[in-house]
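Novice: Mind having a look at this structure? Questions to follow.
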Amino acid sequence: MYKFGFVAVLGKPNAGKSTLINKLVGAKVAIVSNKPQTTRDNILGILNGENYQIVFVDTPGIHKATSHLDKIMMKNVRSAKAGADVVLYLLDTSCKIDEQEIEHIQKMRNDGIQVIVAGSKSDKKRFDFDYDIIFSSLTNDKINELLKIILSKLPSYKEKNFLYDKDELTDKPVKFFVAEYIREAVLKVLKKEVPHGVAVVVTKYQEKLNIIEIDADIICEKQSHKGIIIGKGGETLKKIGSIARINCEELINKKIMLSLYVKVEDNWKDKPNKLSDLGYR
Ligand SMILES: Nc1nc2c(ncn2[C@@H]2O[C@H](COP(=O)(O)OP(=O)(O)OP(=O)(O)O)[C@@H](O)[C@H]2O)c(=O)[nH]1
Ligand SMILES: [Mg+2]
């Protein structure tokens, strides 16, 4: 018997969805930060076992949509839910239980969706609830048990009809990760609202013999943000570039020359055409 299926990982922003998927897949397919609303796209993380293939779908954290980008993010959540065999719903055990979320979980179950309710961050648990399991990606607590529960809910097949090759870890191209790693560095280095208004586009990706030349635009919402991203004497941008370059070199396993340019695009999060150009659809 073989197990195969899609597992949509849902939950509030910051619940630990991307961290868990990276842990399970054993690679950094999704960027992580301590700021909410880090993930914007649905990203696949593929886990292969002897007799199974699990396709995890990382999703943006569920929040109230205000901008057009938010609406696209919430559309991504709905489509992941619709295409899933199982929903893995993460509730952060260090945060107070939100009644609306419990209603949402109940509604999914009423609609016939299989939902596993997993409490994340057991290493700093503060609140009790009727969780199916409590785990921590940080300390590895109950990760294997969680995997077993997921496998028990996935459909079984007589034939090995897996959708992806054994060595595929994700569905996104390298360029996507380069842009995401740069955005992650922005999230790491900058505070408050600036990183939330940032999008990154790779404008040049040229492989030379010993080096890859990459140019990328960091798009921000306001002129004042541009100054903050660049910093005094370009210090902040340099820091962002250096963190991103190191992570990209690790990903691609080749030396990289990374050039970053900061551009202002007023209100881009509410411009459908711009969003589409930036890859948000
Ligand atoms: N203590 C602790 N922190 C964790 C754990 N898992 C994730 N975190 C932290 O929680 C923060 C959010 O993690 P993410 O994986 O980015 O959360 P997310 O649910 O993908 O967030 P969005 O993409 O914004 O929806 C990061 O600072 C992580 O390091 C855990 O098991 N224990
Ligand atoms: Mg995430």
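Novice: Say whether the condition of being charged (D, E, K, R) and crowded, with 23+ Cβ neighbours inside 10 Å is met by at least one residue in the stretch 88-107.
Specialist: Initially, the stretch 88-107 is screened for residues charged (D, E, K, R), giving 92, 96, 98-99, 101, 103, 107.
Checking which are crowded, with 23+ Cβ neighbours inside 10 Å leaves us with none.
Looking for residues that are charged (D, E, K, R) and crowded, with 23+ Cβ neighbours inside 10 Å, one finds none in the stretch 88-107, hence no.
Novice: With respect to the numbered conditions (1) surrounded by fewer than 21 Cβ atoms within 10 Å (Cβ to Cβ); (2) at positive phi; (3) not basic (K, R), which one is the sole condition not fulfilled by G16?
Specialist: That leaves (1) as the condition not met.
Novice: Can you tell me which residue in the stretch 81-125 is nearest to K148 (Cα to Cα), limited to those that are of a type in the set (D, E) and part of a helix (DSSP H, G or I)?
Specialist: D123
Novice: Turning to a different aspect of this structure: Within the set of pairs 6 or more residues apart or between chains, which connect a residue that is in the same structural domain as E193 (by TED's automatic domain parsing) inside the stretch 21-40 to a residue that is surrounded by fewer than 20 Cβ atoms within 10 Å (Cβ to Cβ) and aliphatic (A, V, I, L, M) with Cβ atoms less than 9 Å apart?
Specialist: Listed by first residue and then by second, the contacts come to nothing, as the list is empty.
Novice: Continuing with the same structure: Out of all the residues in the stretch 60-69, is one or more more than 7 Å from ligand 1 (Cβ to nearest atom), out of contact with any Leu (no Cβ under 8 Å at 6 or more places or on another chain) and not in a loop (DSSP other than H, G, I, E, B)? Talk me through it step by step, then tell me what you get.
Specialist: We begin by selecting, within the stretch 60-69, every residue more than 7 Å from ligand 1 (Cβ to nearest atom); these are 62-69.
Now drop any that are not out of contact with any Leu (no Cβ under 8 Å at 6 or more places or on another chain), which leaves 63-67.
Filter once more, keeping what is not in a loop (DSSP other than H, G, I, E, B): none.
No, every residue in the stretch 60-69 fails to be more than 7 Å from ligand 1 (Cβ to nearest atom), out of contact with any Leu (no Cβ under 8 Å at 6 or more places or on another chain) and not in a loop (DSSP other than H, G, I, E, B).
Novice: For the list (1) away from ligand 1 (no atom under 15 Å from the Cβ); (2) farther than 16 Å from A15 by Cα, I need the number of the one condition that E145 fails.
Specialist: If we test E145 against (1) away from ligand 1 (no atom under 15 Å from the Cβ); (2) farther than 16 Å from A15 by Cα, just (1) comes out false.
Novice: Taking the stretch 244-281 as the region of interest, how many residues are under 15 Å from K28 (Cα atoms) and not charged (D, E, K, R)?
Specialist: 7
Novice: A further question follows. Quick check on my filter: what residues within the stretch 231-281 are among the hydroxyl-bearing types (S, T, Y) and touching a His at 6+ places or on another chain (Cβ under 9 Å)?
Specialist: Within the stretch 231-281, just Y280 meets the criteria.
Novice: Looking at (1) at pLDDT 95 or above; (2) part of a loop (DSSP other than H, G, I, E, B); (3) surrounded by fewer than 16 Cβ atoms within 10 Å (Cβ to Cβ), which one does S136 not meet, given that it meets all the others?
Specialist: (3)
Novice: Now a separate question. Any chance you could count how many residues in the stretch 201-228 are under 17 Å from W268 (Cα atoms) and of a type in the set (S, T, N, Q)?
Specialist: 2
Novice: Mind checking which residues of the stretch 48-72 are touching a Phe, Trp or Tyr at 6+ places or on another chain (Cβ under 7 Å) and either closer than 20 Å to V32 by Cβ or within 16 Å of ligand 2 (Cβ to nearest atom) (or both)?
Specialist: V55, V57, L69, I72
Novice: Still on this model: For the stretch 15-35, what are the residues that are near ligand 2 (Cβ under 9 Å from one of its atoms) and either of a type in the set (A, V, I, L, M) or part of a loop (DSSP other than H, G, I, E, B) (or both)? Explain how you work it out, then say what you get.
Specialist: Of all residues in the stretch 15-35, those near ligand 2 (Cβ under 9 Å from one of its atoms) come to 15-19, 21, 30-33.
Matches in the stretch 15-35: A15, G16, I21, A30, I31, V32, S33.
The values are calculated or read from the model by the stated rules, or taken from the named source; none is laboratory data. Everything numeric in this text was worked out from a predicted model, so none of it was measured. Positions of Cβ are backbone-derived with ideal geometry, glycine not excepted, and every protein chain shown enters the neighbour counts.
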